[in-house]
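Some notes on the structure that comes next.
The values are calculated or read from the model by the stated rules, or taken from the named source; none is laboratory data. These numbers come from a predicted model, not from an experiment. As a convention, Cβ positions derive from the backbone with ideal geometry for all residues, glycine included, and neighbour counts pool all protein chains shown. In case anyone asks, the SASA skips ligands and DNA or RNA and just uses the protein heavy atoms, side chains included. Shrake-Rupley method; radii C 1.70, N 1.55, O 1.52, S 1.80 Å.
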Amino acid sequence: NAGVTQTPKFQVLKTGQSMTLQCAQDMNHNSMYWYRQDPGMGLRLIYYSASEGTTDKGEVPNGYNVSRLNKREFSLRLESAAPSQTSVYFCASSERGGAWQPQHFGDGTRLSIL
Amino acid sequence: QKEVEQDPGPLSVPEGAIVSLNCTYSNSAFQYFMWYRQYSRKGPELLMYTYSSGNKEDGRFTAQVDKSSKYISLFIRDSQPSDSATYLCGTNSGGSNYKLTFGKGTLLTVNP
């Protein structure tokens, strides 16, 4: 039972390079989310997709773009990476939006930008 | 003031101890409260979630919410070394609000 799968697990980029983080879920969930986790800052929502075909900004969207490719897949793109985007990125999904439908997380992508 | 405050610890206890983890929040609109466990280099895993005030028990874990004092607690009975992890509290106001607001997490170590 895979749940939420993120690729790659690790990546090192140089400042200015672009990168797409991939996320796929096999639970037939409607809603998907991208978070970043930084020491001392906790988990912060970057973007979310309430359902296939919709995306919305979260708390820290600047410097990122997203694509909800289909119901299963939700990608996060860094167009011009900056050292401030060094973080651990988590994708999550839920059956539908709202807290009464718990969010299930992947194991993260560890991204370093030099 | 942060919307959700959580003591980052670290907290170190002997095996078998009762552990109390706590968060406070400032937004009275929060209605849903949850606890996630995160092992090192893994994603957060949902432990429990509750709606409004009261207690919820699941095995050795009890989640408690006191909305009057805006206080969230997680109790772990008979703690085990396998409970060693970071524990994150989270909240949401419900409705069409998709955003979960998390505390920064408390690092717990249970020593054999």
HN-Hα J couplings of segment B:36-45 from phi, Karplus 6.51/-1.76/1.60, θ = phi - 60°, integer Hz, Gly and Pro as x?
10, 10, 10, 7, 4, 6, 10, x, x, 10
A:GLN101 long-range amide H proximity, modeled H, under 5 Å
none
10 Å Cβ neighbours from other chains, averaged over peptide B:101-107
4
Largest-first ordering by accessible area, 1.4 Å probe, given options A:SER87, B:SER53
B:SER53, A:SER87
How charged is the neighbourhood of B:GLU5? Take every other residue with its Cβ under 11 Å from the Cβ of B:GLU5, and add Lys/Arg as +1 and Asp/Glu as -1.
+1
Cut-off 15 Å between beta-carbons: net charge of the residues surrounding A:LYS57, Lys and Arg +1, Asp and Glu -1:
+3
Going by Cα centres, segment A:41-96 and segment B:12-65 are how many Å apart?
25 Å
How big is chain A in terms of Cα radius of gyration and Dmax, in angstroms?
13.2, 40
The percentage of the accessible area of chain B (probe 1.4 Å, all protein chains present) made up of carbon and sulfur atoms, to the nearest whole number, is 47 percent
If you rank A:LYS9, B:LYS104, A:LYS71 by how much accessible surface each has, with a 1.4 Å probe, what is the order from largest down?
A:LYS9, B:LYS104, A:LYS71
What's log10 of I(q)/I(0) for the protein assembly as shown at q = 0.13, 0.15 Å⁻¹, Debye sum over Cα points only, no solvent?
-0.76, -0.99
Expected integer from the mean partner chain Cβ neighbour count at 10 Å over A:103-111 is 4
Compute the signed sum of charges (Lys and Arg +1, Asp and Glu -1) over the other residues within less than 14 Å, Cβ to Cβ, of B:TYR39.
0
When Cβ neighbours within 10 Å are restricted to other protein chains, what is their mean count per residue of peptide A:37-46?
5
³J(HN,Hα) computed for each position of segment A:44-61 - Karplus, 6.51 cos²θ - 1.76 cosθ + 1.60, integer Hz, glycine/proline x:
10, 7, 8, 9, 9, 10, 5, 7, 4, x, 10, 9, 9, 6, x, 7, 10, x
